[in-house]
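Comments concern the structure below.
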Amino acid sequence: MKGIINKGDEYMRTVAIHNLGCKVNSYEAESMEQLLTKAGFTMVPFDENAAADIYIINTCSVTNIADRKSRQMLHKAKKMNPNAIVIAAGCYAQADSENAKADESVDMIVGNNMKINIVEAIAEYDKNHLNNILLEDLSVKQPYEELEIDQVNEHTRAYIKIQDGCNQFCSYCIIPYTRGRIRSREMSDIIAEVERLAEKGYKEVVLTGIHLSSYGVDNNKGSLIEVIECIEKIDGIERIRLGSLEPRIVTDEFVKRLGNLKKLCPHFHLSLQSGCDKTLKAMNRRYTTDEYEMACNRLRENLDNPAITTDVIVGFPQETDEDFCTTKEYLEKIHFYEMHIFKFSRRKGTVADKMSGQIDEKTKAERSSILLELEKKMSRQYREWYVGRKLEILVEDITECDGKKFYSGYSKNYIRILIPKEQLDALSDTVINNIFSCTCKKLYEGKMMIAKAD
């Protein structure tokens, strides 16, 4: 039988999971790993030198390139062990299930909102190799999939999924079709999970979801700010970081309540996509550049120099040179800490794929290059402001730079900081996963800050 190694009178099953895509996907991959481990499976690395009995590729479908990478990893898994069970899980499996079914490398398909059934699905498939497709219709309302974790692969930071699905239907995005409508996790389950992680020593949690800002809209059992305020009270948690937010959630009340939280990290990713109102409308983004600017101003007026990051798409259909210049000037005006720049990629099944006025790849590359240079400049300027100032670092690991050893970690506003190893060793016997005050001395390679322990 596929995927089983006979060990005398017993069977030993090994599973390798390879994750593609976002932090929500990472959370779900870790949840499946823990479900399988509790059921008696042995987890092994996704490694060409160590074949597994079962491979789970937690796929992504955010772009056509993500689809291609998902297929490549499915084929790679089957090549590593032709006798293994290869499972296509997640967004690609959900979005393009017909091609996944026809793929000879794929033995099982487990769509979104079905990953919680991974153990039972494998057991059922073992019986006759016929029941190999688990898919739900996500175009209709579904309950929240109650996945959970007890520990994470990172030493210091835990990503907590609290929401799934999206109702926005931006014209370039396939996610509402792969993830379905918005659905929120019970607040009591979120708090219980964070408490378990705090007991195991995790000091920082990152709240994440497909459309985090919509938490609670579907069940009226709380709001995102209420979740944050509840986590603030949990002993052991020192930092609360937020995933991507929509600018419209950043109201006066929201920011005022954030300002009362000592554990909140002043690091906000506000999705923008374009600094041109004409393009935002074509994208079906539900805010204007003025509304976005007001959200940034609220954060800066009420919090101490918050780090504001964003995403920008260049070369959206019908984006003229003038539109691009408008975006560039707007980005300079807002002055972001970091920007993620993406060249528009046509995604089959979206409105934007069928739009007229598609931009050629050369123009997209030129516009991307211009904004990447701007990003470097603004990012450096934000970091340089902290030279000579104090920050706190949550130490994550040890790294080596120019032949010297440093402890490495991040400040609350997500600046990566390096402190000479001997300085922190002199202060504490336990450095990793502890927080230390430091004074920033100089930038290193434009992105990292060399600091002196206080």
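The values are calculated or read from the model by the stated rules, or taken from the named source; none is laboratory data. No experiment lies behind these values; they were computed from the predicted model shown. Neighbour counts run over all protein chains shown; Cβ positions are idealised from the backbone, glycine included. The accessibility values were calculated without ligands, DNA or RNA, using every heavy atom of the protein model including side chains. Shrake-Rupley method; radii C 1.70, N 1.55, O 1.52, S 1.80 Å.
Annotations for the structure displayed:
- Near the amide H of residue 133, within less than 5 Å, lie the amide hydrogens of 109, all on another chain or at least 5 residues away, with H placed in the peptide plane.
- Other residues with beta-carbon under 13 Å from the beta-carbon of residue 414 carry, at +1 per Lys or Arg and -1 per Asp or Glu, a net charge of +3.
- Charge tally in the Cβ shell below 11 Å around residue 149, where Lys, Arg are +1 and Asp, Glu are -1, residue 149 excluded: -3
- Accessible area per residue in Å² at 1.4 Å probe, computed on the chain: 45 Å²
- Surface composition of the range 145-260: carbon and sulfur atoms hold 46% of the protein heavy-atom accessible area at a 1.4 Å probe.
- Within the chain, helix-based [θ] at 222 nm, where runs of 4 or more DSSP H residues each add -39,500 (n - 2.57), nearest 500: -10000 deg cm²/dmol
- Charged neighbours of residue 237, selected by a Cβ distance under 12 Å, balance to +2 (K, R count +1; D, E count -1).
- Area projected by the alpha carbon convex hull of the chain, averaged over all directions, nm²: 23.6 nm²
- Evaluated at q = 0.15 Å⁻¹: base-10 log I(q)/I(0), Debye formula over Cα of the range 170-228: -0.54
- Cysteine residues of the chain whose C-beta has no other cysteine C-beta under 4.7 angstrom: 22, 60, 91, 166, 230, 265, 276, 296, 325, 401, 438, 440.
- Rounded to the nearest angstrom and listed largest first, the equivalent-ellipsoid semi-axes of the range 383-423 from its Cα gyration tensor are 18, 12, 9.
- Antiparallel bridges, percent of DSSP beta bridges restricted to the chain (to nearest 5): 40 percent
- Annotation: aspartates and glutamates with alpha-carbon distance below 16 angstrom to residue 328 (same-chain offsets under eight excluded): 277, 290, 293, 311, 319, 338, 366, 373, 375.
- Per-atom-type breakdown for the range 290-378 gives carbon and sulfur 48% of the accessible area (1.4 Å probe, protein chains only).
- Over the range 227-371, the alpha carbon radius of gyration divided by the compact-protein estimate 2.2 N^0.38 Å works out to 1.18.
- With 5 Å bins from 0: P(r) over the range 297-377, alpha-carbon pairs, percent: 3, 14, 23, 20, 16, 11, 7, 4, 1
- Rg/Rh ratio calculated on Cα atoms of the range 60-147 (Kirkwood radius): 0.96
- Ratio of the Cα radius of gyration of the range 235-312 to 2.2 N^0.38 Å, where N counts its residues: 1.17
- Over the chain, relative contact order from alpha-carbon pairs under 8 Å, at least 6 apart, %: 9 percent
- Rounded to whole numbers, the Karplus 3J(HN,Hα) couplings from phi for the range 311-320 are 10, 9, 9, 9, x, 5, x, 6, 6, 7 Hz, using 6.51 cos²θ - 1.76 cosθ + 1.60 with θ = phi - 60°, and x at Gly and Pro.
- Shape descriptor for the range 141-265: Rg over Rh equals 0.96 (Cα atoms; Rh from the Kirkwood inverse mean 1/r).
- J(HN,Hα) series, the range 121-127, from Karplus relation 6.51 cos²θ - 1.76 cosθ + 1.60, nearest Hz, glycine and proline x: 5, 5, 4, 5, 5, 4, 5
- Check: the range 182-336 dipole with +1 on Lys, Arg Cβ and -1 on Asp, Glu Cβ, in debye: 360 debye
- Principal axis dimensions, largest first and in whole angstrom, of the range 337-454 by Cα: 63, 27, 26
- Carbon-plus-sulfur accessible fraction, the range 1-134 (probe radius 1.4 Å, protein heavy atoms only): 49%.
- In terms of overall dimensions, the range 31-100 has a Cα radius of gyration and Dmax of 12.5, 36 angstrom.
- Overall dimensions of the range 140-190 as given by Cα atoms, namely Rg and Dmax in Å: 13.5, 38
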